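The values are calculated or read from the model by the stated rules, or taken from the named source; none is laboratory data. Note that the structure is a prediction, hence the values are computed from the model and not measured. Heads up, the Cβs are rebuilt from the backbone with ideal geometry, glycines too, and the neighbour counts pull from every protein chain shown. For the accessible areas, the whole protein counts, side chains as well, though only heavy atoms, and no ligand, DNA or RNA atoms are used. Shrake-Rupley method; radii C 1.70, N 1.55, O 1.52, S 1.80 Å.
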Amino acid sequence: MFCFGAELSYTSVVTEKCDVYSFGVLVLEVVMGKHPKDLFQTILPSMEQNIMVKEILDQRPAPATAIEETNIALIIKVALSCTDASPQGRPTMQEAYRTLTQQNNVSSCDVPFNALKLEELRDA
C-alpha cells in the first residue's frame, strides 16, 4: 500500500494513518473502477467544481437500487474521510469499520442520490 506522498516523504514513517489513507484510496478505486488520481489532483482540492457522485462512479455495473445508493454514499463518505490530507483528520480503521458496519445505517445526507455532490459527502 502507499501513503500520502508528502506525509511519507516528510516523516519517513509509515503509520496507521498511512494504512487508513491507503484503504480510502482502494475503496475509491473500487467504486470508480479506476485509480482516483485525477480525483485527488484536480477535483478534491478545488471542490468548487460541484462534481456529482454519480459522475465518478464506475458505469460498467447495472444502475444501483435505492438501498445500494445509500450504501454507496456511505462508502464514499468513509473513503473521503480516510483520504483527508491531514493524518489527524482521518478516522482510525476501527472507526471506519464501525461506520461501515453499523446496523440500520441511515444516510446522513438528505439529498437525493442523483443530485448528491462529492462536497456534500466530504463535509457531512
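Within the range 96-114, residues that are of a type in the set (Lys, Arg) sit with their Cβ atoms under 9 Å from residues that are at pLDDT 60 or above and surrounded by 10 or more Cβ atoms within 10 Å (Cβ to Cβ), at 6+ positions apart or across chains, in these pairs: ARG98/PRO91.
Condition check for THR11 on (1) open to solvent by 40 Å² or more (accessible area, probe 1.4 Å); (2) at pLDDT below 90; (3) under 15 Å from the mean Cα position of the chain (by Cα): one failure, at (3).
Scanning the range 88-110 for residues that are at pLDDT below 90, under 22 Å from ILE51 (Cβ atoms) and either basic (Lys, Arg) or open to solvent by 50 Å² or more (accessible area, probe 1.4 Å) (or both) turns up SER108, ASP110. If we scan the range 32-40, do we find a residue that is part of a helix (DSSP H, G or I), at pLDDT 90 or above and surrounded by 10 or more Cβ atoms within 10 Å (Cβ to Cβ)? Checked the range 32-40: at least one residue is part of a helix (DSSP H, G or I), at pLDDT 90 or above and surrounded by 10 or more Cβ atoms within 10 Å (Cβ to Cβ). Return yes or no: is ASP84 closer than 27 Å to GLN102 by Cβ, in a loop (DSSP other than H, G, I, E, B), of a type in the set (Asp, Glu) and at pLDDT below 95? When the stated conditions are applied, ASP84 passes them.
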